[in-house]
Amino acid sequence: MKKIQKILVANRGEIALRIMRSAKEMGIKTVAVFSEADRQALHVQYADEAVCIGLPPSNQSYLKGDLLIETALKLNADAIHPGYGFLSENATFAKKVTEAGLIFIGPSPESIVIMGDKLSAKEAAQKYNIPLVPGTPGAITDIEEAKQKATQIGYPVLIKASAGGGGKGMRVVENSEEFESQMQRAVSEAQSSFGNGAVFVEKYIGSPKHIEIQVLGDKYGNIVYLFERECSVQRRHQKVIEEAPSAVVSPQMRKAMGECAVMVAKSCNYFGAGTVEFIVDEKLDFYFLEMNTRLQVEHPVTEQITGIDLVKEQIKIAQDEALSFVQEDLKIQGHSLEIRVYAEDPKNNFLPDIGTLETYQRPQGVGVRVDDGFSEGMTIPIYYDPMIAKLITFGKDRQEAIERMRRAIAEYKIVGVETTLSFCDFVLQHEAFLSGNFDTKFVEKYFSVDKLNAKNNETEMNVVAALIGKLLSEKNNSSNQKENNLLSHSNKKSNWKNRNR
Ligand code: ADP
């Protein structure tokens, strides 16, 4: 068994920093790589060594697989952690890393290939009788054939890119008249985004919840599930608020989903940390969507409720260690929420609002965790995802985690760019969110700029009212105080008088 001594982290921002922190706790040295836009970045400052690997556009730096491998070899790193995004789900890169004699901290290239394609993932899962959303078993290129299948499935349907990710290449089709044009769009979007125009058709679930299961597997076939994450609050099919556990999942459902997720992982001989995503309908029937073969953005909520450091587990698995716990050892403790704080303007259609963080003060205190890659004075580069931070809270129950999150949002001071903090606060106050029973249409159904403004005004009014109340009571106190002073003064006098009496 080879112990990893030095890891090159092939990523940037909060996730690079988060990985390095676990490595440090394990006594492992780290190498940061950075583009010219990230010269001042925190992950660069944190690492034991740092190397500039190119120009700001990611295809000229963070996506240069061969250069990353070369850098790792040159600096005597023995492993590469890809984080999420960039090369994390690139099987060719994973293979090349291993062929260069390095350890890839992630699953095998074969697992990535199977799960990287939504169709082959479904095919693998089907062998284990995993419930799937009704749809075409393979890719379809012929529009007429696809249309026939859509009629058989029943409208509305969803056309999906087989190689899809990040919500791209997905089209909802309400009726047969619009099928042709939507399919053409989906194919061209899939072609331009993924270089692969293969699409398939699936039943569109009307009010779906997105619930996913975290799994961990070692190289000896042991696989466990670390319960669910509820990720239904989404914008344009992208998650914005996540929590664990889900308010709608019963212990029986949790066990059934967890066991299903383990089967999905088994279907591709999975090892490492992975996430099995399910779509859940109104009746709480769940269907396998896809498996992400990497660490997820929202992994901290699972860490909070299980006490397991997922990055450490990834590293241990990569260096051939067996899992040190079994399913029965895992328990849910408390409740955790995560919000993604983006440099985006919720009042302007969430347009990225890139700029300098003139003021940047993180919230602190019990139950608050901030995973970020910025500090005051830094500029958010335009080249990458505009996420500033992930704000995570932990509480004894859901209510406390929510209250804590609202307190943390109020403490978070960011000046210089617009952020999604006010939008998240809006969601957290909404009765649909508070009820726990909401679906992926949450934003569409309940959010508008007017409502956000109204909530902000209401909050401001409350603040003003509280301030006025405070001033009035202070005024009363001070006049009472004056009276008291006078009283005590006259008392003193009388005391004096008394004393001299
Ligand atoms: P991607 O890989 O692009 O993220 P996913 O398959 O994970 O695509 O789906 C992303 C989101 O799209 C889901 O969380 C869900 O909100 C929505 N979605 C996916 N499939 C369906 C479906 N069959 N019906 C309704 N919504 C869906």
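The values are calculated or read from the model by the stated rules, or taken from the named source; none is laboratory data. Quick caveat, the model's predicted, so the values are computed rather than measured. Here the Cβ positions follow ideal geometry from the backbone for every residue, glycine too, while neighbour counts run over all protein chains shown. For the accessible areas, the whole protein counts, side chains as well, though only heavy atoms, and no ligand, DNA or RNA atoms are used. Shrake-Rupley method; radii C 1.70, N 1.55, O 1.52, S 1.80 Å.
List of remarks:
- When each of Pro352, Pro386, Pro381, Pro346 is tested for being free of Cβ contacts under 8 Å to residues at least 40 places away in the same chain and in contact with an Asp or Glu (Cβ under 9 Å, 6 or more places away or on another chain), the lone residue that passes is Pro352.
- Residue in the range 355-399 that is farthest from Ile332 (Cα to Cα), counting only those that are open to solvent by 60 Å² or more (accessible area, probe 1.4 Å) and hydrophobic (A, V, I, L, M, F, W, C): Ile382
- Test: residue in the range 257-264 that is open to solvent by 10 Å² or more (accessible area, probe 1.4 Å) and either among the basic types (Lys, Arg) or in contact with a Cys (Cβ under 6 Å, 6 or more places away or on another chain) (or both): no
- Exactly one residue out of Leu391, Leu421 is among the aliphatic types (A, V, I, L, M), within 18 Å of the chain's Cα centre (by Cα) and under 22 Å from Pro245 (Cβ atoms), and it is Leu391.
- Scanning the range 235-256 for residues that are open to solvent by 20 Å² or more (accessible area, probe 1.4 Å) and within 16 Å of the ligand (Cβ to nearest atom) yields Arg235, Arg236, His237, Gln238, Lys239, Val248.
The rows are residues; the columns are (1) surrounded by fewer than 19 Cβ atoms within 10 Å (Cβ to Cβ); (2) in contact (Cβ under 8 Å) with a residue 12 or more places away in the chain; (3) out of contact with any Pro (no Cβ under 8 Å at 6 or more places or on another chain).
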{"site": "Met26", "(1), (2), (3)": "yes, yes, yes"}
{"site": "Thr30", "(1), (2), (3)": "no, yes, yes"}
{"site": "Ser35", "(1), (2), (3)": "no, yes, no"}
{"site": "His43", "(1), (2), (3)": "no, yes, yes"}
{"site": "Ala47", "(1), (2), (3)": "no, yes, yes"}
{"site": "Leu55", "(1), (2), (3)": "yes, yes, yes"}
{"site": "Asn59", "(1), (2), (3)": "yes, no, yes"}
{"site": "Tyr62", "(1), (2), (3)": "no, yes, yes"}
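- Within the range 269-282, the set of residues being surrounded by 23 or more Cβ atoms within 10 Å (Cβ to Cβ) and either more than 16 Å from the ligand (Cβ to nearest atom) or closer than 24 Å to Gln399 by Cα (or both) comprises Tyr270, Phe271, Gly272, Ala273, Val280.
- For the residues Tyr360, Tyr342, Tyr270, Tyr287, the requirement of being touching a strand residue (DSSP E or B) at 6+ places or on another chain (Cβ under 7 Å), among the hydroxyl-bearing types (Ser, Thr, Tyr) and within 20 Å of Glu89 (Cα to Cα) singles out Tyr270.
- Strands (runs of 3 or more DSSP E) contained entirely in the range 1-68, each with at least 3 residues that are under 18 Å from Ala318 (Cα atoms): 6-9, 29-35
- Candidates are the residues of the range 435-472 that are hydrophobic (A, V, I, L, M, F, W, C) and assigned to a loop (DSSP other than H, G, I, E, B); the one that is farthest from the ligand (Cβ to nearest atom) is Phe447.
- Qualifying residue in the range 199-208 (condition: part of a strand (DSSP E or B), β-branched (Val, Ile, Thr) and away from the ligand (no atom under 13 Å from the Cβ)): no
- For the range 173-198, the tally of residues that are open to solvent by 40 Å² or more (accessible area, probe 1.4 Å) and within 14 Å of the ligand (Cβ to nearest atom) stands at 5.
- The requirement of being assigned by TED's automatic domain parsing to the domain that holds Lys390, open to solvent by 60 Å² or more (accessible area, probe 1.4 Å) and not in a loop (DSSP other than H, G, I, E, B) is not satisfied by Lys316.
- Residue match in the range 117-138 (condition: in contact with a Pro (Cβ under 6 Å, 6 or more places away or on another chain) and touching a residue at least 12 places away in the same chain (Cβ under 8 Å)): no
- Hits in the range 199-234 - residues which are under 19 Å from the mean Cα position of the chain (by Cα) and open to solvent by 40 Å² or more (accessible area, probe 1.4 Å): none
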